[in-house]
1. List the pairs whose first member sits in the stretch 311-327 and is more than 16 Å from VAL249 (Cβ to Cβ), whose second member is at pLDDT 95 or above and of a type in the set (Phe, Trp, Tyr), and whose Cβ atoms are under 8 Å apart, counting only residues at least 6 apart or on separate chains?
2. Within the stretch 275-327, which residues are under 27 Å from GLU54 (Cβ atoms) and among the polar types (S, T, N, Q)?
3. Can you tell which of ARG31, ARG50 is out of contact with any helix residue (DSSP H, G or I) (no Cβ under 6 Å at 6 or more places or on another chain) and either within 13 Å of the ligand (Cβ to nearest atom) or among the aliphatic types (A, V, I, L, M) (or both)?
4. State which residue is farthest from the chain's Cα centre (by Cα) when the search covers only the stretch 53-73 and only residues that are more than 19 Å from TRP252 (Cβ to Cβ), more than 16 Å from the ligand (Cβ to nearest atom) and of a type outside the set (S, T, N, Q).
5. Of all helices (runs of 4 or more DSSP H) completely enclosed by the stretch 1-91, which ones contain at least 2 residues that are modelled with pLDDT of 95 or more and surrounded by 17 or more Cβ atoms within 10 Å (Cβ to Cβ)?
6. Just checking, which of VAL122, VAL181 is closer than 27 Å to THR238 by Cβ and touching a helix residue (DSSP H, G or I) at 6+ places or on another chain (Cβ under 9 Å)?
7. Can you tell me which of ALA157, ALA131, ALA164 is hydrophobic (A, V, I, L, M, F, W, C) and either surrounded by fewer than 19 Cβ atoms within 10 Å (Cβ to Cβ) or closer than 20 Å to ALA306 by Cβ (or both)?
Amino acid sequence: MKIAKMLAGLTALAAISLGATVANAAGYPERQITMVVPFAAGGPTDTVARLVAESMSKNLGQQIVVENVGGAGGTLGAGRVASSKPDGYTILLHHIGMATSATLYRKLAYDTLNAFEYVGLVTDVPMTIVARKDMAATDLKGLVEYAKANKDKVTVANAGIGAASHLCGMLFMSSIQTPLVTVPYKGTGPAMTDLLGGQVDIMCDQTTNTTKQIQGGTIKAYAVTSPERLSVLKDLPTVKEAGLPQMEVGIWHGVYAPKGTPKEAIDKLDAALKVALKDQNVAARFAELGTVPSSDADATPAALKAKLESEIARWKPVIEAAGQYAD
Ligand code: ASP
């Protein structure tokens, strides 16, 4: 009897809280939203997030504030969002690292494929192989020769195991069959500062962080990982042209919310994302940085889910062959 009463009470409570969630979602968003970027401020993921968040804010009528939660190759920030309240007020902008870390970390604090709701794809950014300004090599072949000859002292910056720069550096080292010394940062924003200062030698990073520096001649660039050359960096050969075709890779970005976030909130976020990706200012800034906004068809929950699933499957054997894990 007592138990039956308790159960009835619990059911009533659940109904009330469900009702409240649905009611809140209907009026969503009623207050500021936090967009977690799992890397340091000033880096490429942060740049993409701030451009998109600003435009989405206008459409949603509420401010989206970017919070940088860097560390452990993006897994700390992703974990923070996975365990946040699923009410639409905490969301995540992450990239390909969401897929690679699922294999690289054998003890992740969240279940990659089951901890999130999907909002949509944002953009697919090429990587560039760059080095400090006074690196003597003038082309990729020369850089590879230098790296092989100095493998114990050549340093490669990355944003931790699971980051895009980690994946690209790993592809570089496996392509040239030479392990180099890696230096992890909380994001490639701070890594770029050290590259500019000559404290690290090489980095592979998104064009959203390197284009301005390459154009300004403050770093050296050797190749871009896209299949075609970029119009903003016309003189830069593709990795295929430069002799390392295995390094072709695109860094796709997506927006996620914690599992259980009401569909009404996801729909509104997705609608706002689509509008942001058609915003002329966003498109123009993306173009300057060597990338393009995702299409309407890609800026959807289904497209992001399919991308994440296929990319986990694509990178799993590559990572397993490299045999290097984060734990
Ligand atoms: N570009 C970084 C990476 O390697 C992340 C960042 O700092 O935005 O994944």
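1. Note: pairs meeting the criteria are TYR325/TYR105; ALA326/TYR105; ASP327/TYR105.
2. Selection gives GLN280, ASN281, THR291, SER294, SER295, THR300.
3. On inspection, the qualifying residue turns out to be ARG50.
4. Among residues in the stretch 53-73 that are more than 19 Å from TRP252 (Cβ to Cβ), more than 16 Å from the ligand (Cβ to nearest atom) and of a type outside the set (S, T, N, Q), the one farthest from the chain's Cα centre (by Cα) is GLY61.
5. 44-60, 75-82
6. VAL122
7. ALA164
The values are calculated or read from the model by the stated rules, or taken from the named source; none is laboratory data. Since the model is a prediction, treat every value here as computed from it, not as a measurement. Virtual Cβ from ideal backbone geometry, glycine too; neighbours counted across all protein chains shown.
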